[in-house]
Amino acid sequence: MKKIEAIVKPFKLDEVKNALTKIGVQGMTVTEVKGFGRQKGHTEVYRGAEYAIDFIPKIKIDLIVSDELVPQVIETIERAARTGKIGDGKIFLSPVEEVIRIRTGERGKDAV
Amino acid sequence: MRNRIARGLLPHSSPREFLRQHSDMMDGLVRKAFQSARAKVPSPSVCLMAIGGYGRAELAPYSDIDLLLLYSPSNKNELSPLAEQILYPLWDLGLDVSCSSRSIDECLKMARSDVQVKTGLIDGRYLDGEYEFFRNLYGLLTKKVLHRRVQKFAGALARDIHPRRQKYEDPAYVLEPNIKEGEGGLRDFQVGRWIIRAKYKTDRWDFILFPDHSRMLDKSIQFLWAIRNHLHLLSERRQDDLTFELQEKIAPLLGFPNGTKGVEEMMRQYHLSAREISNFFHDNLDRALFEPSTFRKIIFFFQRKRIDENFEMAHGELHLLDPVAFKKDPSQLMTLFQHGQAYQAKTDFRTEEAVMEALPFIDDRFRASQKVNQAFLSILRREKGADALLMKMHQLGFLSRYIPEFSDVEGKVHYDLYHVHPVDIHSILAVQELGRLRDGYYQKDYPLLTSLIREIEKPDILFLTTLLHDIGKGREGDHALIGAEMAKQVGERMGLTVEEKELMEFLISRHLFMLETAFRRDLHDEQAILRFANETGTPGRLKMLYLLTFADIKAVGPEAWTSWKNSLLMELFLKTSHFFEKGEEPQTFPRRGETLAQLHQSLPQDTLNHYAEHLPDRYLSTYSPEEISLHIKMAQSLGKEVLLVGWSREEEVRARVTICTKDRYGLFSKIAGSMFLNRLNILEAQIHTWGNGIALDTFHVEDPTGEIERRLQQFKKDLKEILSGKISLKLLLSQREESGWIQKKVIPKVPGEAKVNNRDSDFYTIIEITGEDRLGVLYEITQALTDCGCDIHFARISTLGNRVVDVFYVQDEWGEKIVEREKVNHLKQLLLNRLTPL
């Protein structure tokens, strides 16, 4: 099992979510996050006063999928989230040791 | 056992009756246990009392049963065996019984120091044993404890309730309220009752209220009791949290329809009831807490101040002189609120009662009265306390009489997890957020919003709009549109100007628009911002929409407004207002809809649908519908061809050339280069990039030698080969240069200039170039831009005499503006070098 963590642009959330649902992904966790990478924050000026946008708003999507689904899921996110411009985001992939469904106590694949 | 008793009683009685009967039944059991205990163990003289809720004979199915054994100090030791003998059989029945034993002196001493003991005793009731003890205790309690230091008592009650309340302030508890401890719960009612008992020396709380008011309060209490009884019976324990699961089960039991609708209706009634109780609680608590001392009363006596023929300030509160003044002239109601704002004073208890009494006199004539409406709007306009006054108007029931549309959303809840508050409370909280913003409460966190609310022209309309923004909720259809229509009628009645009504209609019908744009659109796409600006229309509307959006989200619940949402909305606001400020007003672009409608006449629907969303406004405004439909037809055949070139001759030596191909890096410079190669002089050019990556460029070219047709053919051939990579433009040009050029005649020199402007667009770096015209200069310039990594999105090339004036909108390879100082300087230098021929 793998954990896929994707940082995408906020307005791409619906597209990514729909694309993932289409390929059969059952659940995900979505978080509003802020940060910066190569795309730095900037300052906006309004009537002479400066307003800093230091951290850029992004969406973080977490999902746990079985190994064989990983390539398809990653490709789907890549395709849906890409605008070709700076700040399109990143995808992180990491191994997951165990998954437990709290209600039933199921473990492993069944609990995903 | 308990359940059996309770279930037997339930169907036949009102909630109050049920509690009393349940308590009576419990009395029987407890007395029996007491008597048989006395028979078993040597019995000292004692008195058995019921205290707390049981003492009030209000015993819910699984409530605690609190007993007190009152003894004379001489026989203290014999008490424990007796208490045990009473408790054991009751415990065996599964009852939650607790029993304390105290002497009269101990009771009085503890009542003075411990507010919970005191309130337990207030509700005490004689059950069995020595009646004399009971009488003594109550005589002393009343004389020495209860009616003394009412203010301190109220303070202790407030402190006691505070920590419990904090837990229930969590929004989760608004959705799944605690019937007993929550805001407006049964405990609130009880506290109000204790204060009345202490202050007015009567247990009949209903006597000190006006009949209507006390009837309403009683109905609310009964409703909460009914819910609580069912809660206990369904969960078979002392369960006071009204969870989602139990809401669904209880609603049908109380006669509401099955399903979500019934739950929403029940919760609406719950919220209305809780509000009633909460008002009762706060009124009594405030009055007891802030009761002026005798000394201050004397001072206040001399400070009595007559305001007008109906009102005076007395004891620091607003007071109505003639109790029937409101009935004689209902418009005095609004005058009262105006005074409240002007003097920043609360209204006294009697006057508030008089307001509630006078509510039926608020009729259509009142609602249409210019005097009343002007007064209302002036309250909204004033700097201080408009939000607090609206809250008060709402509490007293005034607001929903005055604006009947508002009463439909009272207590209206959404059966979901996001909307914490019922619609009416949400709306008033939203107004409150605006009030806070205006008072500078958010100066540090949201300086921009704070400065905006202070500069808008019609704060009264913004406040009114915010109050009404959700009145369309709960009706079939789009609540924003319905609400806008309803608000228009309210505006009509209040005598707003046409402009004001339109503003209100716009804001309400689009109150989700900014939020949707900020969260769902690419704010780095100029097109998205442009469309938003276009629909918003004016800077004034933009500001108000931004403020309304803030207030709306902030009032949803404490966690709804995040710094994340703040950033996105602020960015949208700033970018949009830059559009307005630069005078690059969206109105200068013709209506997109109109152009598209005209296109519809010449193109099939599918084709248009396929392309329409990709056509930028700037492009649409540049060309006529005929030209655009021609361009779309060209784009359609791009699949087969790499490049499409069409031209029309205008004069002997001039032609208009249209080029359509897939956009690629450096395209413009390749086109300019190919033209240069074929000695075509570019007089004008427009280059556009569609959203789907198609480049659509038009050129106005000249060939003084009169061979334009042949040259264009050759140009088309060359460009095609260059674009498909068969041949290198550089190579062709170098061959050409070897052949030397024809020297032009000498004309006045034009100094070269290159300006890099990052101020006027949030999306592109704008480069303006002027210089002397010569064959191939455009190629030199665009090649320089391409060499520096600039992607050209839009360009306008023109020639005035021998002077070229070129404007380029460029971004770097990442789609960002070019802002680094070094890069900008390098670019300028390079452009200047290329402008002057070596």
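The values are calculated or read from the model by the stated rules, or taken from the named source; none is laboratory data. Just so it is clear, the structure is predicted and the values come from calculations on it, not from any experiment. When we count neighbours, we look across all protein chains shown, and the Cβ atoms used for this are built from the backbone with ideal geometry, even at glycine.
Might you check whether a residue that is under 14 Å from B:SER761 (Cβ atoms), among the small types (Gly, Ala, Ser), within 14 Å of chain A (Cβ to nearest Cβ) and part of a loop (DSSP other than H, G, I, E, B) occurs anywhere in the range B:806-819?
Yes: the range B:806-819 contains one or more residues that are under 14 Å from B:SER761 (Cβ atoms), among the small types (Gly, Ala, Ser), within 14 Å of chain A (Cβ to nearest Cβ) and part of a loop (DSSP other than H, G, I, E, B).
Quick test for you: out of B:LYS384, B:LYS444, pick the one residue that is farther than 22 Å from B:GLU265 by Cβ, out of contact with any Ser or Thr (no Cβ under 8 Å at 6 or more places or on another chain) and without any contact (Cβ under 8 Å) to a residue 12 or more places away in the chain. I'd like the intermediate steps shown before the answer.
Details: B:LYS384 fails: without any contact (Cβ under 8 Å) to a residue 12 or more places away in the chain.
When all the criteria are applied, what remains is B:LYS444.
Condition check: within 14 Å of chain A (Cβ to nearest Cβ) and at pLDDT below 85. Does B:ALA560 satisfy that?
Values: within 14 Å of chain A (Cβ to nearest Cβ): yes; at pLDDT below 85: yes.
Considered against the rule, which asks whether it is within 14 Å of chain A (Cβ to nearest Cβ) and at pLDDT below 85, B:ALA560 comes out as yes.
What number of residues within the range B:805-829 are modelled with pLDDT under 85, buried (at least 18 other Cβ atoms within 10 Å of the Cβ) and either touching a helix residue (DSSP H, G or I) at 6+ places or on another chain (Cβ under 8 Å) or acidic (Asp, Glu) (or both)?
Residues that pass the stated criteria total 1.
Where in the range B:653-759 are there helices (runs of 4 or more DSSP H), lying fully within it, with 1 or more residues that are buried (at least 17 other Cβ atoms within 10 Å of the Cβ), acidic (Asp, Glu) and at pLDDT 85 or above?
Output list reads B:708-723.
Looking at (1) buried (at least 21 other Cβ atoms within 10 Å of the Cβ); (2) in a helix (DSSP H, G or I); (3) within 14 Å of chain A (Cβ to nearest Cβ); (4) touching a Leu at 6+ places or on another chain (Cβ under 8 Å), can you tell me which one B:PHE580 breaks?
Condition not satisfied by B:PHE580: (1).
May I ask you to list pairs of residues, at least six apart or on different chains, whose Cβ atoms are under 7 Å apart, with the first in the range A:65-88 being farther than 26 Å from B:LEU523 by Cβ and the second being in a helix (DSSP H, G or I)?
Close Cβ pairs satisfying both conditions: A:VAL65/A:VAL73; A:SER66/A:LYS109; A:VAL73/A:LEU20.
Can you tell me which residue in the range B:770-780 is surrounded by the most Cβ atoms within 10 Å (Cβ to Cβ), limited to those that are touching a helix residue (DSSP H, G or I) at 6+ places or on another chain (Cβ under 6 Å) and at pLDDT 85 or above?
Pass one, the range B:770-780, residues touching a helix residue (DSSP H, G or I) at 6+ places or on another chain (Cβ under 6 Å): B:771, B:776, B:778-780.
This time we only want the ones that are at pLDDT 85 or above, so: B:771, B:778-780.
Working: B:GLY771: 24, B:LEU778: 27, B:TYR779: 23, B:GLU780: 21.
Within the range B:770-780, the match that is surrounded by the most Cβ atoms within 10 Å (Cβ to Cβ) is B:LEU778.
Taking the condition within 14 Å of chain A (Cβ to nearest Cβ), of a type outside the set (D, E, K, R) and part of a helix (DSSP H, G or I), does B:PHE519 pass?
Details: within 14 Å of chain A (Cβ to nearest Cβ): yes; of a type outside the set (D, E, K, R): yes; part of a helix (DSSP H, G or I): yes.
Yes, satisfied.
If a residue has to be more than 12 Å from chain A (Cβ to nearest Cβ) and closer than 29 Å to A:VAL30 by Cα to count, how many in the range B:531-557 make the cut? Working first, answer last.
Of all residues in the range B:531-557, those more than 12 Å from chain A (Cβ to nearest Cβ) come to B:531-538, B:540-541, B:544-545, B:547-557.
Now drop any that are not closer than 29 Å to A:VAL30 by Cα, which leaves B:531-532, B:545, B:547-557.
Final tally of qualifying residues: 14.
Where in the range B:145-245 are there helices (runs of 4 or more DSSP H), lying wholly inside it, with at least 3 residues that are touching a residue at least 60 places away in the same chain (Cβ under 8 Å) and farther than 28 Å from B:VAL556 by Cα? Outline the logic, then answer.
Working: elements: B:150-168, B:172-175, B:186-200, B:211-235.
The qualifying helices (runs of 4 or more DSSP H) are B:150-168, B:186-200, B:211-235.
Is it true that A:VAL33 is within 16 Å of B:LYS565 (Cα to Cα) and either out of contact with any His (no Cβ under 9 Å at 6 or more places or on another chain) or acidic (Asp, Glu) (or both)?
Details: within 16 Å of B:LYS565 (Cα to Cα): yes; either out of contact with any His (no Cβ under 9 Å at 6 or more places or on another chain) or acidic (Asp, Glu) (or both): yes.
Yes; evaluated as a whole, the condition is true for this residue.
Please name all residue pairs, on different chains or six or more residues apart, with Cβ atoms under 6 Å, provided the first residue is in the range B:645-673 and is closer than 19 Å to B:VAL810 by Cα and in contact (Cβ under 8 Å) with a residue 24 or more places away in the chain and the second residue is among the polar types (S, T, N, Q) and in a helix (DSSP H, G or I).
Pairs that qualify, where the first residue is closer than 19 Å to B:VAL810 by Cα and in contact (Cβ under 8 Å) with a residue 24 or more places away in the chain and the partner is among the polar types (S, T, N, Q) and in a helix (DSSP H, G or I), are B:GLY666/B:THR786; B:PHE668/B:THR782; B:SER669/B:THR782; B:SER669/B:GLN783; B:SER669/B:THR786; B:ALA672/B:THR782.
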